[in-house]
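Single-structure report; data block below.
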Amino acid sequence: MGINGVAQNQPRDRGGRDMKYLLLICGDESRLNNQPEPAGSQRLAAWGTYANELVATNKMRGGERLRPSATATTLRLNGGHQLLSDGPYAETKEQLGGFFVVEAENLDEAVTLAGKMPHLQDGGAVEIRPVWDM
């Protein structure tokens, strides 16, 4: 059993190695972009500390901060024609602000790693998704 008594169907991948998980960082951009100093600088420092901890524990496999959702372009195919639109795919209050790829033994460990993200203290969320090896 794993989190909240739910059976975990998260086996290790080939060769007994840990699984990779994508941690999608979601939050309200308007709140994050309108923080007065020194809160903005403190937030960036907290993210640096978080990333450094992932590196120090050999859990980090990649990650990036994304530019604001207003800079996104969405591509759809409709009747064989490409349709481009400005902005993110879904218009929601919470937007994707970045991601980390981590290596964890199982979902429980991935949740523990995600649970240390600084933005959770301000109402942010993390979507945790297992990654297929390619």
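Can you find a residue that is assigned to a strand (DSSP E or B) and either at positive phi or in contact with a helix residue (DSSP H, G or I) (Cβ under 6 Å, 6 or more places away or on another chain) (or both) anywhere in the range 79-86? No, the conditions are met nowhere in the range 79-86. Selection over the range 100-115 of residues that are within 12 Å of the chain's Cα centre (by Cα) and either assigned to a loop (DSSP other than H, G, I, E, B) or not β-branched (Val, Ile, Thr) (or both) gives a count of 5. Of all residues in the range 63-78, those being part of a strand (DSSP E or B) and within 23 Å of Gly48 (Cβ to Cβ) number 3.
For first residues located in the range 108-120 and within 17 Å of Ala46 (Cα to Cα) and surrounded by 19 or more Cβ atoms within 10 Å (Cβ to Cβ), partners that are at pLDDT below 95 and not charged (D, E, K, R) and lie 6+ apart or on another chain with Cβ distances below 6 Å form the pairs His119/Gly27. Screening the range 1-60 for residues that are assigned to a loop (DSSP other than H, G, I, E, B), at pLDDT 85 or above and more than 16 Å from the chain's Cα centre (by Cα) and picking the one that is surrounded by the most Cβ atoms within 10 Å (Cβ to Cβ) gives Asp18.
Under the condition of being loosely packed, with under 13 Cβ neighbours inside 10 Å and in contact with a Ser or Thr (Cβ under 9 Å, 6 or more places away or on another chain), the residues counted in the range 64-88 number 8.
Contact map, the range 40-55: first residue over 12 Å from Leu113 (Cα atoms), second residue of a type in the set (A, V, I, L, M, F, W, C) and outside any helix (DSSP H, G or I), Cβ cut-off under 7 Å, separation 6 or more or different chains; the map is empty.
The values are calculated or read from the model by the stated rules, or taken from the named source; none is laboratory data. Keep in mind that what you see is a predicted model, and the values were worked out from it rather than measured. Counting neighbours? That spans all protein chains shown, and the Cβs are built from the backbone with ideal geometry, glycine included.
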